[in-house]
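All remarks here apply to the structure that follows.
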Amino acid sequence: MVEPDTVKLLRECNAGVKMGVSSINEVLHAAKDERLKKILTDSKNEHEKLGGETTQLLSDYSDNGKEPNPIAKGMSWMKTNMKLGMDNSDATVADLITDGCNMGVKSLSRYLNQYKAAEEKAKDIAKKLIKLEEDLSVSMREFL
């Protein structure tokens, strides 16, 4: 059924965007290199743009979206603060963002495969978000 798969995929994208923005916000203050700060800020803005598209499409289906899993969010927060507490460097920021991107790509790819009947516009948003995460991960390599 197209509509349930579309809404489910959009919810996962919505939660993924929120998790991505939250993760970037958690490390942005620790970034020292201006290029790293710009990459993170630009990516956050792109995440927010996709989040707006996702929210609008969910609204068209009378759905409010989905928040990230609180356990996953809490674990991410703990890992971030622990690692930055031990080594507050750009390499640590890049490492944390790379790990987050990899988890995002994995999860979103799974949902894209799981909700095959979703409408193309929902699949396109998922693919854009996956590409955004992949590109951010690649851009972190020079800071590792």
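The values are calculated or read from the model by the stated rules, or taken from the named source; none is laboratory data. Everything numeric in this text was worked out from a predicted model, so none of it was measured. We place every Cβ from the backbone using ideal geometry, glycine too, and count neighbours over all the protein chains shown. Calculation scope for accessible area: heavy atoms of the full protein, side chains included, ligands and nucleic acids excluded. Shrake-Rupley method; radii C 1.70, N 1.55, O 1.52, S 1.80 Å.
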*asked:* For LYS66, what residues show an amide H to amide H distance below 5 Å, using hydrogens built from the backbone and excluding near sequence neighbours?
replied: ALA15
*Mind checking the angle between helix 120-140 and the chain's longest principal axis? C-alpha axes, 0 to 90 degrees, to the nearest 10.*
10
_Please give the charge dipole size of the range 15-86, origin at the Cα centre, charges +1 on K and R Cβ atoms and -1 on D and E Cβ atoms. Round to the nearest 20 debye._
420
*Could you run the Karplus curve 6.51 cos²θ - 1.76 cosθ + 1.60 with θ = phi - 60° over the range 85-93 and give me ³J(HN,Hα) per residue in whole Hz, x for Gly and Pro?*
x, 7, 8, 8, 10, 4, 5, 5, 4
*Within a Cβ distance under 10 Å of LEU58, other residues only, what is the Lys/Arg minus Asp/Glu net charge?*
-1
*For the range 14-26, what does the Karplus curve 6.51 cos²θ - 1.76 cosθ + 1.60, with θ = phi - 60°, yield as ³J(HN,Hα) per residue in whole Hz, taken in order and with x for Gly and Pro?*
4, 5, x, 4, 4, 5, x, 4, 4, 5, 5, 4, 5
*Just from its helices, what would the mean residue ellipticity at 222 nm be for the chain, if runs of 4 or more DSSP H residues each count -39500 (n - 2.57) and the sum is divided by every residue, rounded to the nearest 500 deg cm²/dmol?*
-28500 deg cm²/dmol
_For the chain, set up a GNM with springs between Cα atoms under 10 Å and report which of MET86, MET19, MET103 has the largest fluctuation._
MET86
*How far is the Cα center of the range 1-59 from the Cα center of the range 76-128, in Å?*
10
*Would you mind working out the magnitude of the charge dipole of the chain relative to its Cα centre, with +1 at each Lys and Arg C-beta and -1 at each Asp and Glu C-beta, to the nearest 20 Debye?*
220
*Add +1 for every Lys or Arg and -1 for every Asp or Glu among the other residues with Cβ under 13 Å from the Cβ of SER43, and state the total.*
+1
*Tally up the carbon and sulfur contribution to the accessible surface of the range 1-51 as a whole percent, 1.4 Å probe, everything protein left in place.*
55
*Identify, among VAL105, ASN25, ILE130, the residue whose Cα sits farthest towards the positive end of the charge dipole of the chain, taking +1 on the Cβ of Lys and Arg and -1 on the Cβ of Asp and Glu, with the dipole about the Cα centre.*
VAL105
*asked:* Over the chain, with the other protein chains present, what is the accessible area per residue in square angstrom, probe 1.4 angstrom?
replied: 55
*Work out, step by step, the length gained on full extension between GLN56 and ARG110: first 0.36 nm times the residue separation, then minus their alpha carbon distance; give nm to one decimal.*
17.1 nm
*Pull up the cross-link candidates among the aspartates and glutamates for LYS131, meaning alpha carbon to alpha carbon under 17 Å and not fewer than 8 places away within one chain.*
GLU12, ASP42, GLU46, GLU48, GLU53, ASP99, GLU120
